[in-house]
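Before any comments, here is the structure.
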Amino acid sequence: MRRTTFSIALAAVAALLWSYGPFAAHGRIQTSGRTGMTAHAFTFTGIDGRPIALADWKGKPVLVVNTASQCGFTPQYEDLEALHERYNGRGLVVLGVPSNDFGGQEPGSNSQIKAFCEATFGIEFPMTEKQTVVGAAAHPLFRWIAAEAGEGAAPRWNFHKYLLDGEGRLVGAWPSRVRPGSAEITAEIEKLLPR
């Protein structure tokens, strides 16, 4: 039992160090454009079962965040909802993408995730159904991010943040430790919104 607990703790520390490390994309980024695609090519199924087409948000910046309900970074849901409330009227879309890829920290069903987010954080921004966000089985949007910006841009842990401009281009990425309401993220959002 002690050995298993130690192994889990060691794996968690290693994952967090990796997410903070020099390989994690951070801030404004340049993409290669090699895929010839934008994020507007991708769709999700919403946590409520309705389709979410990123093309429907053409002209609006979108902050995409892979989330988890049992993570040390889970309180960032509060910041995400605050961003939604602050900027939604000016065009920003916050999109939560629940994932169980890191530490098994999103084990619940879509209905459990939805209920938790609404009851605990009053989440009103759109969320997708639970997705894989890393590796060959990742949702196509996350594979596109890695193809456009390099493997260093792939999520390293829960609450990795990606900013898309109104044309669906990837323009920013921040690791877990950077809070959604930080000045570095809000400054990039402000650049994309009408004055």
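A few notes on this one:
- Over all other residues within a Cβ to Cβ distance under 13 Å of residue 77, the charged ones net out to -4, with Lys and Arg as +1 and Asp and Glu as -1.
- Set of lysines near residue 60 by C-alpha distance (under 17 Å), chain-local residues within fewer than 8 positions excluded: 161, 191
- Each peptide in 43-54, 138-149, 60-71 was scored by the mean count of other Cβ atoms within 10 Å over its residues; highest first, the order is 60-71, 138-149, 43-54.
- Gyration tensor verdict on the range 68-195 (Cα atoms; rounded if a/c is under 1.5, prolate if a/b is larger than b/c, oblate otherwise): oblate
- Local charge for residue 92 was computed over the other residues whose Cβ lies under 9 Å away, with Lys and Arg +1 and Asp and Glu -1, and equals +3.
- Stretching the chain fully between residue 184 and residue 151 yields a gain of 9.7 nm (0.36 nm per residue, less the alpha carbon separation).
- Local electrostatic count at residue 158 - Lys and Arg +1, Asp and Glu -1, tallied over other residues with Cβ under 15 Å: +1
- Between the range 43-68 and the range 86-109, the alpha-carbon centres lie 10 Å apart.
- Here the extension length gained between residue 34 and residue 56 equals 5.6 nm, from 0.36 nm per residue of separation less the Cα-Cα distance.
Throughout, read-outs are computed from the coordinates displayed, never taken from laboratory work. Small disclaimer: the values here were computed from a predicted structure and weren't measured. Cβ coordinates were reconstructed from backbone atoms using ideal geometry, including for glycine residues, and neighbour counts include every protein chain displayed.
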